[in-house]
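The values are calculated or read from the model by the stated rules, or taken from the named source; none is laboratory data. From a predicted model like this one, the values you see are computed outputs, not experimental measurements. Here Cβ is always computed from backbone atoms with ideal geometry, including for glycine, and neighbour counts include all displayed protein chains. In case anyone asks, the SASA skips ligands and DNA or RNA and just uses the protein heavy atoms, side chains included. Shrake-Rupley method; radii C 1.70, N 1.55, O 1.52, S 1.80 Å.
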Amino acid sequence: GNLPIPGPLALKLGSAGAKCLPAMVVDGVVVSEGRLPNFMEAVEAVNTGAPVGKTEDAVSKPKKSCC
């Protein structure tokens, strides 16, 4: 049978074509496109709903300390 395509992924397919595949969609948000995320990236995307690589920037930047 036919599988439904989430709206945001359908929009990406319409604008970028198959270049955006493979893609991962979590709760209607395209969290990864053009490659499959590794296991930890996929877990993070499912837990946060944020695009792959967007949450690690905030985590990996050292916090500024004073005095």
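Every residue in segment 1-24 that is in contact with an Asp or Glu (Cβ under 6 Å, 6 or more places away or on another chain) and part of a strand (DSSP E or B), please.
Hit for segment 1-24 is Ala23, nothing else.
Hey, can you tell me all the residues within segment 1-23 that are of a type in the set (A, V, I, L, M) and open to solvent by 40 Å² or more (accessible area, probe 1.4 Å)?
We begin by selecting, within segment 1-23, every residue of a type in the set (A, V, I, L, M); these are 3, 5, 9-11, 13, 16, 18, 21, 23.
Within segment 1-23, Leu3, Ile5, Ala10, Leu11, Leu13, Ala18, Leu21 meet the criteria.
Return the residues of segment 24-43 that are open to solvent by less than 80 Å² (accessible area, probe 1.4 Å) and hydrophobic (A, V, I, L, M, F, W, C); say none if nothing qualifies.
Within segment 24-43, Met24, Val25, Val26, Val29, Val30, Val31, Ala42, Val43 qualify.
Within 11 Å of the chain's Cα centre (by Cα) and among the hydrophobic types (A, V, I, L, M, F, W, C), is that true of Ala10? Break it down into steps so the answer makes sense when it comes.
Details: within 11 Å of the chain's Cα centre (by Cα): no; among the hydrophobic types (A, V, I, L, M, F, W, C): yes.
No: the conditions fail for Ala10.
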